[in-house]
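Asks: Before anything else, here's the structure in question.
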């Protein structure tokens with residue numbers, strides 16, 4: 001267990017716009033009415049509300065992901081876990097989908113200081129659009145997202161033929177899926193895609209976003225994965241033996257999220273826990 005320091009403003013601005021971070025520092029429930037124009041400009045409405053200590057919240061979860069990245073770069077651990085991270089929708093200059101600061105992008109940028117190639121894998125039910133956008137032109141980061149895609153499901157991105165541009169062409173891979181996919185179907189697709197991706201890309205490190213809204217019975221999700229099936233994906237990635245940063249993400253049936261990430265922690269540290277519910 002490691003108690004990381006919060007991310008600094010300078011670290012947040014390694015990716016995010018200065019004006020946006022300044023806004024997050026200053027905005028609060030007490031003054032949001034007077035800052036209405038900026039609140040709307042930076043998309044802090046609807047599913048990205050303003051709440052007390054918002055900036056400290058962002059600094060803390062981003063600091064956890066950055067600390068994990070630094071530990072991996074230093075070789076002091078082979079796996080780092082930050083369940084409070086994984087906020088994959090945040091853009092350079094705006095919030096999106098409950099995500100304010102993109103800790104994943106910040107962590108990958110930190111890892112690129114040491115690792116030549118980083119593979120990003122996303123098993124949240126929503127498309128990892130913020131991370132994809134950040135590295136859409138890069139051939140050092142490959143992004144792979146498994147997500148529900150119907151065109152009208154948030155965020156509405158992640159088509160099969162969206163695969164990068166410029167030198168980043170073919171370094172972005174989207175796997176759009178339909179409602180109701182179960183463990184067997186999901187794992188067959190996941191293992192085939194990831195096996196070939198790792199073989200071809202040869203990542204120096206992997207970042208795995210483990211959004212639990214892809215579990216069955218999630219309030220927003222529509223997949224039919226069990227905790228065991230979700231965890232099998234995590235274990236499959238672990239077995240490659242590549243330095244691994246594991247992050248949280250979505251999940252809207254909170255007890256199932258807790259069960260899922262507890263089980264996956266046990267998988268990652270090699271410790272068996274008691275029986276778990278098959279959803």
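The values are calculated or read from the model by the stated rules, or taken from the named source; none is laboratory data. For clarity, every value in this text was computed on a predicted model and none was experimentally measured. When we count neighbours, we look across all protein chains shown, and the Cβ atoms used for this are built from the backbone with ideal geometry, even at glycine.
Asks: Out of (1) assigned to a helix (DSSP H, G or I); (2) over 20 Å from residue 169 (Cα atoms); (3) more than 10 Å from the chain's Cα centre (by Cα), the odd one out for residue 114 is which?
Replies: Among (1) assigned to a helix (DSSP H, G or I); (2) over 20 Å from residue 169 (Cα atoms); (3) more than 10 Å from the chain's Cα centre (by Cα), residue 114 violates only (1).
Asks: Just give me the residues in region 140-183 being in contact (Cβ under 8 Å) with a residue 40 or more places away in the chain, over 27 Å from residue 47 (Cα atoms) and surrounded by fewer than 18 Cβ atoms within 10 Å (Cβ to Cβ), in sequence order.
Replies: Selection gives 182 alone.
Asks: Report every pair of residues separated by at least 6 positions or lying on different chains whose Cβ atoms are under 7 Å apart, first residue within region 26-48 and more than 17 Å from residue 99 (Cβ to Cβ), second assigned to a loop (DSSP other than H, G, I, E, B) and at pLDDT 95 or above.
Replies: As it stands, the answer is 28/50; 28/52; 29/50; 29/51; 29/52; 32/50; 35/27, since those pairs meet every condition given.
Asks: Quick check on my filter: what residues within region 192-231 are free of Cβ contacts under 8 Å to residues at least 40 places away in the same chain and closer than 17 Å to residue 249 by Cα?
Replies: Of everything in region 192-231, those that are free of Cβ contacts under 8 Å to residues at least 40 places away in the same chain and closer than 17 Å to residue 249 by Cα turn out to be 219, 231.
Asks: Take region 36-49 and flag every residue that is surrounded by 18 or more Cβ atoms within 10 Å (Cβ to Cβ) and either closer than 11 Å to residue 23 by Cα or in contact with a helix residue (DSSP H, G or I) (Cβ under 8 Å, 6 or more places away or on another chain) (or both).
Replies: 39, 42, 44 - these are the residues of region 36-49 that are surrounded by 18 or more Cβ atoms within 10 Å (Cβ to Cβ) and either closer than 11 Å to residue 23 by Cα or in contact with a helix residue (DSSP H, G or I) (Cβ under 8 Å, 6 or more places away or on another chain) (or both).
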